[in-house]
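The values are calculated or read from the model by the stated rules, or taken from the named source; none is laboratory data. Note that the structure is a prediction, hence the values are computed from the model and not measured. Here Cβ is always computed from backbone atoms with ideal geometry, including for glycine, and neighbour counts include all displayed protein chains. In case anyone asks, the SASA skips ligands and DNA or RNA and just uses the protein heavy atoms, side chains included. Shrake-Rupley method; radii C 1.70, N 1.55, O 1.52, S 1.80 Å.
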Amino acid sequence: MPYQHGITVREVEGSDSRALQSTAGVHVVIGKAPVNLAADPYAVTNVPLLISSFDEAKTLLGYSENFTAYNLCEAMYTYFKLLRVAPVVFINVIDPTTHRTEVTQTLTVSKSQATLAAYGVLLDTIQATSGENELTAGTDYIAEFDSRGYVVFTALTNKVGATIAVTAYKLNLSAVTDSDIVGGYDAETGAMTGIELVRSIYPKFGKFASIIIAPGCTSATVAAALQAKTEDVNGTFSAETIIDIEASSVVPATIAVAKETAAIVSPHAIAVWPKAKIHNYVVSMSAVIGAVLAYYDAQNDDVPCLTPSNKVIGISGICNSGGAAIHIDQTTANALNGYGIMTAINLNGWRTWGNNTAAYPENTAPKNRWIGCRRFFSWLENRFIVTYLSKVDSLANYRLIESILEDENQFLSSLVAGGKCAGARIEYIDSENPIENIEAGKITFHHFLAPYPPAEAIESIFEYDAAMLSGAVEEVGGEE
């Protein structure tokens, strides 16, 4: 180290240690990660990982800016870098032992280095020779990833000649199918994979899932699995999902047909279109909206009652899957909203646009139509379960009933006082608790909730008032 005298400065990449921590249920992202770049590529397949920072995600799962190939990475970017909110549960479905293919290349050595120009290479599978010499990693050469994700060989001994013949395995993304994303449950082993692993979130982390997404996965098969997993999670919890719609047309009715074809109809689903452009990145809208929800939940005392609509987002445009720019005005965006599709528009800056769940327009009940109302109901239901779980198996007496009523009403009153909802209370109604239910060990409470709908349409009537003009003229005449 050189002798130092004076003042020196240096720059480092910004840390996301100050990311907002959202506790209104965790967001769960299912998909593909460049696990060949991970610290242990073979330890993160179908394993839910609760991650709180970009650096942690990069270490555990690897990171690539090829968002089209690795949809978990676009969620890492939107949650940890774009909106700086955490934590997030990631579930990678790429299995490097099966989703892989062989690659063979002869590399030219220049200045003791050679580059294997292939993505997804698994370092531990590399076999290298130079002429008649078999090369040993760590002894004859070092193999490391460069910033592009290519493998760079650096010669350490003279056994490395002018060329290196390399055979290795690399990740085969085309082998990953919708069935891997959907996953399932093995009744014999108890193993879960893919979206089915949402069931393991609460038992493993003690946190219920709030939002479930598989960015960029637009098939009806995946959409059905995501929607099915939003209800009765672990037999009790509710969640919401955000689902991308794939449609090259900009005609709202045609996009609505794509939504209908994918059967995105659940009140627990938010249908979004199209892609978002962030600098040179093309990002799935579900990853953007998911991060927006987490951010505003954290800003709102972790009470998910706000609409995700009309929120300024740091995107530079909207586009199709190929990155071609799409231009829509408010009239088109409103038409999409009328089909239960959320989008983004440029109104003095890019903003999210849309309040309706995917159940609209068929379902117009406030708690099923409005995203904010639906999420408020799901969150409060989940909170009630978690808060009063300790009361289960207590004596079914008056003291138990009164304690739940008192504690819950106190909390609900705080929500009303804080402007989170118009009204909320819990009651114990005798007619809902016949003696035979009490004898069977069942007690029923009744919540009455009135979350605020969004002020989606604000109107003012502008009228020409001739009397004002006449009065003004008369005042001028009177001054003479």
Beyond 38 Å, what percent of the Cα pairs of the chain remain? 39 percent
I'd like to check one number: the per residue accessible area of the chain, probe 1.4 Å, reported in Å² as a whole number. 50 Å²
Give a residue-ordered list of calculated ³J(HN,Hα) values for region 400-415 (Karplus: 6.51 cos²θ - 1.76 cosθ + 1.60, θ = phi - 60°; whole Hz; x for Gly, Pro). 4, 4, 5, 5, 5, 4, 5, 5, 5, 5, 5, 5, 5, 5, 5, 5
Return, for the Cα atoms of region 197-249, the radius of gyration and Dmax in Å, separated by a comma. 12.3, 43
Using the structure shown, list the pairs from Lys32/Lys111; Lys170/Lys259; Lys32/Lys367; Lys32/Lys420; Lys204/Lys391; Lys58/Lys367 with a Cα-Cα distance above 31 Å, or answer none. Lys32/Lys111; Lys170/Lys259; Lys32/Lys367; Lys32/Lys420; Lys58/Lys367
Along each of the three principal axes of the Cα atoms of region 364-477, give the extent in whole Å, ordering the values from largest to smallest. 87, 26, 25
Measure out, as a whole number of angstrom, how far apart the alpha-carbon centroids of region 51-104 and region 414-462 sit. 40 Å
Could you state how much accessible area Asp124 has, in square angstrom rounded to the nearest 10, with a 1.4 Å probe and all protein chains kept in place? 110 Å²
From phi via Karplus (6.51, -1.76, 1.60), per-residue ³J(HN,Hα) for region 185-195 in Hz, x at Gly/Pro: 10, 8, 5, 7, 9, x, 6, 10, 9, x, 4
If you count, for each residue, the other Cβ atoms within 10 Å and average over each peptide, how do 333-346, 217-230 line up from highest to lowest? 333-346, 217-230
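Explain nothing, just the number: dipole magnitude of the chain about its Cα centre with +1 on each Lys and Arg Cβ and -1 on each Asp and Glu Cβ, in debye rounded to the nearest 20. Intermediate values should be presented prior to the final figure.
Details: 30 positive and 51 negative charges, 260 e Å.
Taking the Cα centre of the chain as origin, the dipole is about 1260 debye.
If R0 is 35 Å, what FRET efficiency do you get for Phe448 and Thr221 from their C-beta distance, rounded to 0.05?
Working: r = 39 Å, r/R0 = 1.10.
My answer for the efficiency is 0.35.
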Please list the non-local residues whose amide H lies under 5 Å from the amide H of Asn172, H modeled 1.01 Å from N, same-chain partners needing a gap of 5 or more. Arg100, Thr101
Go through region 321-329 residue by residue and turn each phi into a ³J(HN,Hα) via Karplus (6.51, -1.76, 1.60, θ = phi - 60°); whole Hz please, and just put x for glycine and proline. 4, x, x, 6, 5, 10, 10, 10, 9
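With a 1.4 Å probe and every protein chain kept in, tell me what percent of the accessible surface of the chain is carbon plus sulfur.
Values: 12140 of 23930 Å².
Within the chain, the accessible surface is 51 percent carbon and sulfur.
So, by mean Cβ neighbours within 10 angstrom, what's the order for 170-178, 368-376 with the highest one leading? Before the final figure, lay out each step's value.
Values: 170-178: 16.4, 368-376: 24.0.
Per-residue Cβ counts within 10 Å, averaged per peptide and sorted highest first, yield 368-376, 170-178.
If the only charges are +1 at each Lys and Arg Cβ and -1 at each Asp and Glu Cβ, what is the size of the charge dipole of region 185-294 around the Cα centre, to the nearest 20 debye?
Numbers: 7 positive and 9 negative charges, 78 e Å.
That gives a dipole near 380 debye.
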Spin-label zone in region 429-447 - amide nitrogen under 11 Å from a point set 7 Å from the Cα of Ala396 along the C-beta vector: 433-444
Could you state the principal axis extents of the C-alpha atoms in region 215-275, from the largest down, to the nearest angstrom? 40, 18, 16
